[in-house]
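A short worksheet on the structure shown next.
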Amino acid sequence: MRNPLAIIGQVVLASLAEIGRLSKFSATAISSIFMPPVYWRHVLKQMWLIGYNSLPVVGLTALFTGAALAQQIYVGGSRFNAASVVPGVVVIAIVRELGPVLGGLMVAGRVSSAMAAELGTMRVTEQIDALVTLSTDPFKYLVAPRLIAAVITLPLLVIIANIIGVLGGYLIGTGRLGLNEGTYLQVTVDFLERADVISSLVKASVFGFFIALMGSYHGYNSRGGAQGVGKATTNAVVSAFIAILLANLIITVIVFGGRGA
Amino acid sequence: MSTDLKIQLKDVHKGFGPKKVLQGIDLEVPKGQSVVIIGGSGTGKSVMLKCILGILNPDQGEIFVDGEDVTKFSSRARKKTLAKFGMLFQGAALFDSLPVWENVAFGLIQGKGMNRKDAQEIAIEKLRRVGLGADVGNLSPAELSGGMQKRVGLARAIATEPEIIFFDEPTTGLDPIMADVINDLIVECVKDLGATTLSITHDMASARKIADRIAMLYHGKIIWDGAKDEIDSSGNDHVDQFIHGRAQGPIEMELLKL
Ligand SMILES: Nc1ncnc2c1ncn2[C@@H]1O[C@H](COP(=O)(O)OP(=O)(O)OP(=O)(O)O)[C@@H](O)[C@H]1O
Ligand SMILES: [Mg+2]
């Protein structure tokens with residue numbers, strides 16, 4: 001049997017090496033964003049692919065989550081002052097956490113995998129090498145437009161997710177739980193603070209960065225034919241999920257951690 | 001060092017993990033000449049080209065292009081050197097997100113900043129030279145046969161009229177007539193553009209047609225290098241076996257030992 005300490009050591013070393021490679025990739029990718037030329041045509045195309053095509057799934061997720069949330073808060077013992085608690089908790093939960101996190105995860109599932117598959121195929125069919133021989137920097141041509149597009153598009157998607165999420169709560173609250181329509185909207189607006197909205201958008205941008213970064217990183221470095229591309233796709237989604245959840249926790253602690261008391 | 005050497009490799013090593021692929025390559029490609037590398041599958045011919053282009057970094061050794069050691073270049077200097085090269089990849093490596101003409105025009109538009117309209121005209125002209133009509137220009141690479149993809153790859157490699165062109169198995173997957181057309185085209189490119197070429201092939205007919213010199217890669221080293229007329233009297237068992245395509249010989253025995 002192998003020494004368990006040796007196994008742990010190997011895993012730690014392998015993870016550190018991976019983090020090192022990822023950091024180097026990110027540094028190159030970020031610096032390529034700030035050096036001309038920027039391929040704006042590609043940015044727009046990616047914004048369309050990321051944003052427009054994700055609208056249905058993000059919208060549905062937000063709608064159902066907002067609705068379920070309203071129902072749960074209502075039964076969770078707040079039936080007596082439901083008129084103020086339901087809309088308040090729904091809007092806070094959606095805007096601070098669920099809108100950006102669920103939106104980010106849904107987009108990661110779609111977009112990180114698609115990016116990894118596309119860049120991975122380009123890698124194994126030598127298209128990335130071909131770019132280099134045609135005097136084109138693959139980071140500027142492929143990676144930078146995806147990063148820029150995701151960082152811009154995710155906040156837009158999350159704004160929509162937040163609105164639809166609140167709408168989901170509103171529909172259940174007024175349609176099923178008998179809450180007053182005018183009061184519901186009034187309470188929603190009263191509860192929402194500027195910091196909530198800003199943190200929501202900052203989260204969305206950060207998540208967008210990780211979605212494009214993980215998709216590009218795993219695709220760009222994939223090897224070994226179709227199987228390698230498949231593995232890159234899975235790894236891209238899993239690592240994007242982890243990055244999003246971890247980044248969410250960190251941002252939440254920074255922004256709201258001091259409030260408590 | 002002689003200045004009319006376009007490319008020179010000195011003791012180049014490259015391995016992947018424990019696997020040693022190139023184990024001390026020495027090769028000289030004089031300006032305006034056409035050198036053909038022959039050698040068995042998996043001996044590292046494509047890896048060698050990629051090391052010269054800087055797509056792969058050699059573990060050891062020096063690679064000179066126009067007398068400058070490119071292995072020591074910064075990424076900016078490397079980009080400048082890359083502009084001298086054109087490459088036909090073994091699998092064509094066409095961009096499947098772009099139509100055929102844009103593939104051919106890519107180096108002109110992205111690399112040289114030419115406007116799309118002029119670049120398209122040149123692309124169509126280059127496509128014509130490899131025997132493809134203007135209508136093919138609007139297809140997507142996925143709609144082409146393997147042989148057509150190869151020809152588009154060739155058109156893309158020559159579109160910017162580079163000083164140095166690499167052909168990685170240019171005739172594989174083509175019918176014998178088209179293969180000969182491509183051979184002629186390569187010979188023409190060298191003449192018209194004064195280009196220096198380095199080609200890889202398994203096709204001895206092609207090698208005899210396009211080469212000034214032939215070198216054989218075996219076990220990570222160049223084991224024979226000479227003018228093309230000398231290849232039949234090389235006195236090297238490995239070369240003899242390879243050019244006559246015999247299953248029996250020193251190369252087979254090595255395979256059996258593995
Ligand atoms: N990026 C890479 N990572 C790991 N191994 C590689 C890589 N590229 C090539 N190899 C290995 O290097 C060896 C040589 O590959 P190469 O593609 O140069 O062969 P080749 O001589 O061009 O063969 P063929 O005539 O079949 O094209 C192969 O065993 C291959 O598995
Ligand atoms: Mg090869």
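The values are calculated or read from the model by the stated rules, or taken from the named source; none is laboratory data. Because the structure is a prediction, the values reported are computed rather than measured. Please note: Cβ atoms are built from the backbone with ideal geometry, for glycine as well, and neighbour counts cover all protein chains shown. Accessible surface areas use protein heavy atoms only, side chains included; no ligands, DNA or RNA. Shrake-Rupley method; radii C 1.70, N 1.55, O 1.52, S 1.80 Å.
The figures follow:
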quantity	calculated
For the pair B and A, total buried accessible area rounded to nearest 100 Å², probe 1.4 Å	1700 Å²
Computed helical MRE - 222 nm, chain A, DSSP H runs ≥ 4 contributing -39500 (n - 2.57), nearest 500	-26500 deg cm²/dmol
Helix runs (DSSP H) in chain B reaching 24 Å along axis by Cα, Kyte-Doolittle at least 0.0	B:176-193
Fraction of accessible area attributable to carbon and sulfur, the stretch A:149-261 (%, probe 1.4 Å)	69 percent
Net +/- balance of residues flanking B:MET48 in space, Cβ distance below 12 Å, scoring K and R +1, D and E -1	+2
Between the stretch B:91-124 and the stretch A:34-102, the Cα center-to-center distance that results, in Å	42 Å
Förster radius 41 Å - calculated FRET efficiency between B:SER145 and A:THR252, Cβ distance, rounded to 0.05	0.15
Volume per residue that the Cα convex hull of the stretch B:16-164 spans, once the total is divided by residue count, Å³	142 Å³
Solvent-accessible area per residue for the stretch A:141-261 (1.4 angstrom probe, square angstrom)	46 Å²
Helix axis angle, A:40-51 relative to chain A longest principal axis, alpha carbon, degrees	50 degrees
Percent carbon-and-sulfur accessible area, the stretch B:193-252, ignoring ligands, DNA and RNA, probe 1.4 Å	48 percent
C-alpha long axis of helix A:181-191 to longest principal axis of chain A, angle in °	60 degrees
Probe 1.4 Å, accessible area per residue of the stretch B:15-60, Å²	41 Å²
Largest-first principal axis extents of the Cα set of the stretch A:166-247 (Å)	60, 29, 15
Other-chain or far-sequence residues with amide H under 5 Å of B:ILE37's (modelled H)	B:SER199, B:ILE200, B:THR201, B:ALA215
Alpha-carbon Rg with Dmax, taken over the protein assembly as shown, Å	29.3, 101
On Cα atoms only, tilt of A:225-256 relative to the major axis of chain A in degrees	40 degrees
Per-residue [θ]222 nm for chain B (sum of -39500 (n - 2.57) over DSSP H runs n ≥ 4, rounded to 500)	-10500 deg cm²/dmol
Other-chain or far-sequence residues with amide H under 5 Å of B:ALA83's (modelled H)	none
Efficiency of FRET from Cβ geometry, A:ASN81 and A:LEU171, R₀ 22 Å, rounded to 0.05	0.60
Cα-Cα pairs of chain B separated by more than 33 Å (percent)	20 percent
Amide H partners (placed H, <5 Å) of B:ASP59, local residues excluded	B:HIS13, B:LYS14, B:GLY15
Average other protein chain Cβ within 10 Å of Cβ, residues B:92-98	5
Flagged links, alpha-carbon separation over 22 Å, of B:LYS6/B:LYS80; B:LYS10/B:LYS72; A:LYS24/B:LYS45; B:LYS20/B:LYS45; A:LYS231/B:LYS50	A:LYS24/B:LYS45; A:LYS231/B:LYS50
Under the Karplus curve 6.51 cos²θ - 1.76 cosθ + 1.60, θ = phi - 60°, whole-Hz ³J(HN,Hα) for the stretch A:145-152, x wherever Gly or Pro sits	x, 5, 5, 4, 4, 5, 5, 7
